[in-house]
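The structure appears below as structure tokens.
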Amino acid sequence: MPVDLKSLIRTIPDYPKPGIMFRDITTLIENPYGFREAIERSASFHRGMGITHVAGIEARGFIFGAAVAISLGVGFVPIRKRGKLPGETIGQNYALEYGVDTIEMHADAVDKGDHVLLVDDLIATGGTAIAAVQLLRRTGAEISHSSFVIDLPELGGADKLRALDVDVHTLVSFEGH
Ligand code: AMP
């Protein structure tokens, strides 16, 4: 029986603030069949493409990204919030609703000739993922594929990533935001 991934994702209204429908993946990853199905569907889609690394965005992108990396037999690159990585880093600013945030990666994590798959749990406006693509591309690595468990298509992030020549693979989509 195929696993219904969408039914395993819990929606928590008004979290973290009024009006947001928070798509909670903890109920998906607590389910062994659901977690494995999500990882295997992403990994099997991206197998045989010459992916050399998976980059995951802190924090929920680590859960899915690390598992996809193991399944593909490649290394994992953490993309973290500012100030968390101990070595030499490169950073990329991106706009939040109020203000600016920065993501960072180790400068030597990937290089020209590497082919990186970007993974996060959810794509909404695309701000975070686009910053990650810009950051990764500054290393000279190729970043032409991304994978998300959840798409919120009305927020347009997946289309913005495609406009940057990044293929967007998603497993479940929800209307609204
Ligand atoms: P964005 O940069 O707008 O594409 O937002 C994507 C990031 O914010 C992801 O790392 C998600 O984990 C988180 N996020 C945004 N909207 C939601 C939502 N409705 N439910 C859960 N997480 C969200």
Can you tell me the relative contact order of the chain? Whole percent, Cα pairs under 8 Å, sequence separation 6 or more. 17
Output ³J(HN,Hα) for segment 115-123: one whole-Hz value per residue in order, computed from phi by the Karplus curve 6.51 cos²θ - 1.76 cosθ + 1.60 with θ = phi - 60°, and x for Gly and Pro. 10, 9, 9, 8, 10, 8, 6, 8, 10
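I'd like the GluC sites (Glu not before Pro) in segment 96-177 restricted to DSSP loop residues with at most 13 other Cβ atoms within 10 Å, sorted by number. Before the final figure, lay out each step's value.
Working: sites: E97, E104, E142, E154, E175; in loops: E97, E175.
Answer in residue order: E97, E175.
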Residue of G157, G91, G48 that the Gaussian network model of the chain assigns the largest fluctuation, springs spanning Cα pairs under 10 Å: G48
Checked the chain with the C-alpha gyration tensor, a ≥ b ≥ c its square-rooted eigenvalues, rounded below a/c of 1.5, otherwise prolate if a/b is larger than b/c and oblate if not; verdict oblate
Most mobile of F64, F22, F35 per a Gaussian network model of the chain (Cα springs, under 10 Å)? F22
Once the in-chain neighbours fewer than 8 apart are removed, the aspartates and glutamates whose Cα is under 14 Å from K17 read E97
Quick one: order D101, D121, D165 from most to least accessible surface, probe 1.4 Å. D165, D101, D121
Length gained if R162 through E58 is fully extended, taking 0.36 nm per residue and subtracting the Cα-Cα distance, is 35.3 nm
Listed residues A107, A55, A132; largest mean-square fluctuation, Gaussian network over the chain with Cα springs below 10 Å, found at A107
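Over the chain, with every protein chain in place, what whole percent of the accessible area is carbon and sulfur at 1.4 Å, could you tell me? If you can, show how the numbers build up before the last one.
Numbers: 4640 of 8860 Å².
The value for the chain is 52 percent carbon and sulfur by accessible area.
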With every protein chain left in place and a probe of 1.4 Å, what is the accessible surface of R47, to the nearest 10 Å²? 120
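In Å², what does the accessible area per residue of the chain work out to with a 1.4 Å probe?
Details: 8860 Å² over 177 residues.
Result: 50 Å² of accessible area for each residue.
The values are calculated or read from the model by the stated rules, or taken from the named source; none is laboratory data. Note that the coordinates shown come from a computational prediction; the quantities given were computed from them, not determined experimentally. Cβ coordinates were reconstructed from backbone atoms using ideal geometry, including for glycine residues, and neighbour counts include every protein chain displayed. Keep in mind that these areas ignore ligands, DNA and RNA; they rest on the heavy atoms of the full protein, side chains included. Shrake-Rupley method; radii C 1.70, N 1.55, O 1.52, S 1.80 Å.
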